[in-house]
1. Output the number of residues of segment 106-157 satisfying the condition of being assigned to a loop (DSSP other than H, G, I, E, B) and surrounded by 13 or more Cβ atoms within 10 Å (Cβ to Cβ).
2. Report whether or not residue 47 is β-branched (Val, Ile, Thr), in contact with a strand residue (DSSP E or B) (Cβ under 6 Å, 6 or more places away or on another chain) and part of a strand (DSSP E or B).
3. Can you tell me which residues in segment 30-44 are open to solvent by less than 60 Å² (accessible area, probe 1.4 Å) and in a strand (DSSP E or B)?
4. Does segment 69-77 contain any residue that is modelled with pLDDT under 90, open to solvent by 100 Å² or more (accessible area, probe 1.4 Å) and of a type in the set (A, V, I, L, M)?
5. Restricting attention to segment 10-28, which residues are closer than 16 Å to residue 49 by Cα and part of a strand (DSSP E or B)?
Amino acid sequence: MPRTKNGTAPSYRHQKSRNLAKVTIRRQDFYLGKYNSPESYAKYAQVLALFNDGKSNDEIKEALTGDAAPPTPQAGRILTVGQLSLRYWNEYASTYYASSTGLSRGRIANVRAAIRAANDVAADVLVANFTTAHFKQIRETLIRRELSRVYINDLMA
């Protein structure tokens, strides 16, 4: 990875795939917002000022994100795993994984099986409260069904 020479400012760069501005400080990327926007240039100036003051990357990150509490879900927008899986199936998976002939192919059956396993274990769990313990319970449920390891790994991916 190229490094700037001593005394030169880290450059304002374009992350083309997401159309974001970024700057790299001590091998850590800081995303500044939409590329070429006034907000991104303001954040770039802020990052450079903090960098020149000798602030650590953690302090720079904290200054960029602010001390505001993370956003809370809006009323009526709190989803359970069951509701989320239903929305995923209806709005995405049922059309994306379907074949052009209307016949079900292998991948759509795997998605359906994975959703069914997740709903068997955690349908009533809030998405925000879903943990690795729930994920492990889903895997254990599939193991108890005596499915092959390769199939289980495909469902869990």
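The values are calculated or read from the model by the stated rules, or taken from the named source; none is laboratory data. Since the structure is predicted, the reported quantities are computational estimates derived from the model, not experimental observations. For neighbour counting, all protein chains shown are included, and Cβ atoms are generated from backbone atoms with ideal geometry for every residue, glycine included. Remember, those area values only see protein heavy atoms, side chains included, never the ligands or the DNA or RNA. Shrake-Rupley method; radii C 1.70, N 1.55, O 1.52, S 1.80 Å.
1. Residues meeting the conditions: 4.
2. Answer is no for this residue.
3. Residues satisfying the conditions are 30, 32, 33.
4. yes
5. Of everything in segment 10-28, those that are closer than 16 Å to residue 49 by Cα and part of a strand (DSSP E or B) turn out to be 22, 23, 24, 25.
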